[in-house]
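As C-alpha cells, the structure follows; a few thoughts come after it.
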Amino acid sequence: MPQNQPKPVEAWHHDRLVEVYRVLESGVHGLTPDVAQARLKTYGPNELPQPKSLSAAALFLRQFASTLIVILLVAAFLALALEETMDALVILLAVMVNACVGYVQERKAEQALAELRRFVQYFARVVRDGTEQQVKVEELVPGDVVVLKAGDLVPADARLV
C-alpha cells in the first residue's frame, strides 16, 4: 500500500513520472496481482456511485412537475371555479392519464437501464507484473499502469504518460 497520502488531484500533473511511481509504489512493470487485489479491497471498485432510485410515489409526483401540466391544472381549477365541471373533469382526466403513462415509461426505462448495467462490462488493458492483460474496469486501482490504444475509452482518472 502506498505509505504516503496521495496528493490532491490537481498536483499530480506537476510531478515527474518517477515521483508519481514512487508515491504510488508502482512502475513501468505495473503492480503485482497481490498488491492490486489488496488495493481493490482498500479503495473499493473503480465505479461511479449509482444514482438512488426514486420511490414510486416520488416518481409519480414528478410527472406533475412540468410547466404544461401546471398550466392544465390551473385551467382545471379555473373551470371548476366557473362551474364548468365537465371541462374540469376532462382536463384532470387527461393530466392523470399523462401522469400514469409517464410513470410507467420512466419505471420501465429505469429497469432497462439497470439490466444494461448488469450485463454490459468494460475492460481495460493494464500492465501487471510486467505483462499486459485485460481486467474489468471496476478492478482498476491506484498505481495501475493502463495501456490505451486508438479508439479506447479512458477507463478511470489517469495521468497520461
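Per-structure values
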quantity: Flag for residue 75 being more than 30 Å from residue 111 (Cα to Cα), free of Cβ contacts under 8 Å to residues at least 24 places away in the same chain, touching a Leu at 6+ places or on another chain (Cβ under 9 Å) and not basic (Lys, Arg); calculated: no
quantity: Hits in region 23-51 - residues which are among the β-branched types (Val, Ile, Thr) and more than 14 Å from residue 131 (Cα to Cα); calculated: 23, 35, 42
quantity: Out of 37, 50, sole residue that is at pLDDT below 95 and under 24 Å from residue 114 (Cα atoms); calculated: 50
quantity: Residue selected from region 35-49 under the condition outside any loop (DSSP other than H, G, I, E, B) and open to solvent by 80 Å² or more (accessible area, probe 1.4 Å), by the criterion nearest to residue 158 (Cα to Cα); calculated: 43
quantity: Some residue of region 111-126 being touching a Gly at 6+ places or on another chain (Cβ under 9 Å) and surrounded by 14 or more Cβ atoms within 10 Å (Cβ to Cβ); calculated: yes
quantity: Region 81-103 residues that are free of Cβ contacts under 8 Å to residues at least 60 places away in the same chain, paired with ones that are of a type in the set (Val, Ile, Thr) (beta carbon under 8 Å, 6 or more apart); calculated: 95/69; 98/69; 99/69
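The values are calculated or read from the model by the stated rules, or taken from the named source; none is laboratory data. These figures come from a predicted structure and were not determined experimentally. Don't worry about glycine lacking a Cβ; one is built from the backbone with ideal geometry, like all the others, and counts go over all protein chains shown. For accessibility, only protein heavy atoms count, side chains too; no ligands or nucleic acids. Shrake-Rupley method; radii C 1.70, N 1.55, O 1.52, S 1.80 Å.
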